[in-house]
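Data block below; observations after.
Every number in this text was worked out from the coordinates using simple rules, so none of it is lab data. This structure is a prediction, so every number in the text was calculated from the model and none was measured. Here the Cβ positions follow ideal geometry from the backbone for every residue, glycine too, while neighbour counts run over all protein chains shown.
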Amino acid sequence: MGSNTTVGTVFAETLRGVRCVRLSVRTDETTSPERQREADDIAAAALGIDFGGGDALREAVDLDVSASKIGPFDRPQLGGWLARPDDFDALVWWRFDRAIRSMADMHDLAKWARTHRKMLVFAEGIGGGRLVFDFRNPMDPTSELMMMMLAFAAQVETQSISDRVTGAQAAMRRMELRWRGGGRPPYGYLPSPMPKEHGGSGWTLVPDPDAVNVIERIIAELVSGKTLHAIAQGLNRDGVLPPSEHWKAYKARNKGTTDADTRDATENAEPKKRPAQWVSETIRNMLKNPTLLGWKMHARKPVRDDQGNPVMATTQPILTREEFDQVAVLITPKPTAEKAPRRKDSPALLLRVIHCDGCGGRMYLNKSSGNYGCSSYKYGTHCDAPATVRATWVDEYVTAEFLRTAGPVQIARVTEIPGYDPQPEIDATVAEMEEHDEQKGRRKSKAGMAAWQRRADALEARLAELESREKREPRREVVSTGRTFADEWQAADTEGKRAMLIDSGAHLAVKRGTKGGWRTLDLRRVEFTITGDLEPVIEELAAVAAEVEHENNPEHAPAPGARARLQQGAISAAA
């Protein structure tokens, strides 16, 4: 049989059918899965097609899948059925656009149906009538011809729709405060009806309280000294949804559904995607995005008005320019030399702290002997007096000396307040202007040249306005945390204690031992120092202690205090 618009026809045999459902946007009410299933069921009943039931239900449900971008054979569930043609006789869709949007895809689908002798059914065709393309008779070319004609019409319609949407979006981007209703907003914002004082037409963006709380948490943890990786781990551990999953959850709540409502329809989809997680790069990109300033962005560039000013998408930006610049300082990668190495797999407390006095090289822990030893022989260098010392002795000694000298010191958190510098935005605008200048030679028409000139004038005006702004110098704020190094030491594990020592510039030199049955550490063999910004603080504490001791017992000279310093930034790192 060929193509026809059968109404009420019942085939003599019962055909095994697959009910096909597709949505480009999961929350689209006008083409909901329920509506598609109902139409498919009516068509199937009229044509004697059975979809099975229960565990044997034959159904292909592809949600959030665009027919313009993903062909039938590449869709998660439909593609699986097409790969098993012996398991069914017919495919049933609600409408033509649920199956294909291009002639190429329809050609492939028709060729597949002819090869495997299948029936393709569309519950509602052009004009509302049912379309049945029966390829079970390989000698009848009518079905394929009709499908190609309809596919051509569908492709032309799709392109026309795409052009209209693209033009409308381009115009909407330049509208102050206007946000397209169907798109996912930048993380931190939600679509909201435009207030009457701004025209009351369309949508704008407002802060998303839940997402803003997450952003504030991230910034607070950055200020406290945490790395992006550590922050991401904490967010994942606490079950905080990353931006993509946060939007899906919001849409589900707004729709009155949950993920469980669609799990049955998608649980057999292959391959399954791993749930999205927070990673350091996600946080970095989010905090670098000018959408936090309320700017509209397109192709990763600010959308500008005729004066070159960024077009705002909201009246309530999440961050001010000063706050945005401050965050940029916090997420700028530090030079490698400023970072203390982390060796989670090492039980050695004094890794990178203990050194051989004979050659100045590092000493490493031998797990079998329990000793730290000179490593010169490993690297082919000569040491006149290679040292070896029991690990427990020097671990206890360094712990005691570090707590004695640095333990009472209050830990402060140092925050860099960058103030305001228009130069970063000037540089970005200059780069945008230079890229725009490269397009000038490509303009062939007067209208195109006029459009180019308007953009160039806007960028120039923005640069002039930025250059007129005053620069505010950065400043540092030092705030006491109320905790001492001793408090942090007691709460830290081996890795944390080792990091404190390294960040503090702790250094232990060990001399070669003398023969004898030593049962404790010979203090003549070791010299412990701390070099860094803590030196004046520790020396001041030692001087005060000496003065107190002298006042209490003037007959005794004060004991000499150990020298101690701390590397730049170690206070904030320990915080």
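Assorted remarks:
- Considering only alpha-carbon pairs that sit under 8 angstrom and 6 or more positions apart, the relative contact order computed for the stretch 283-337 is 35 percent.
- Once both labels are positioned 7 Å from their Cα atoms along Cα-to-Cβ, the gap between Glu438 and Ser346 label points is 4.6 nm.
- For the stretch 285-300, Karplus couplings with θ = phi - 60° (6.51, -1.76, 1.60), whole Hz, Gly/Pro x: 5, 5, 6, 8, 7, x, 4, 5, 7, x, 6, 7, 10, 9, 6, 6
- Phi to ³J(HN,Hα) by Karplus 6.51 cos²θ - 1.76 cosθ + 1.60 over the stretch 507-522, Hz, x for Gly, Pro: 9, 10, 9, 10, 8, 5, x, 9, 5, x, x, 5, 10, 9, 6, 7
- With K and R counted +1 and D and E -1, the other residues having a Cβ less than 10 Å from that of Ser68 yield a net charge of 0.
- Two-site label geometry, Tyr377 and Trp112: point separation in nm, points 7 Å out along Cα→Cβ: 6.8 nm
- Amide proton proximity set for Ile318, modelled H, under 5 Å, gap of 5+: Gly294
- For Thr484, the amide hydrogen comes within under 5 Å of the amide hydrogens of Ile411, counting only partners 5 or more places away or on other chains and with H modelled in the peptide plane.
- For the stretch 306-325, the residues whose amide N sits under 20 Å from a probe point set 7 Å from the Cα of Ser192 along the beta carbon direction are 311-321.
- In nm, spacing of pseudo-spin labels at Arg413 and Asp238 (7 Å Cα→C-beta vector): 1.3 nm
- Global geometry of the stretch 434-514, whether rounded, prolate or oblate, following the gyration tensor of its Cα atoms and the 1.5 cut on a/c: prolate
- Shape class of the stretch 422-470 from the alpha-carbon gyration tensor: oblate, with a/c at 1.5 or above and b/c at least as large as a/b.
- Sites Ala450 and Ala491, calculated FRET efficiency, Cβ-Cβ separation with R0 45 Å, nearest 0.05: 0.10
- Shape of the stretch 13-132 from the C-alpha gyration tensor: rounded (a/c under 1.5, with a ≥ b ≥ c the square roots of its eigenvalues).
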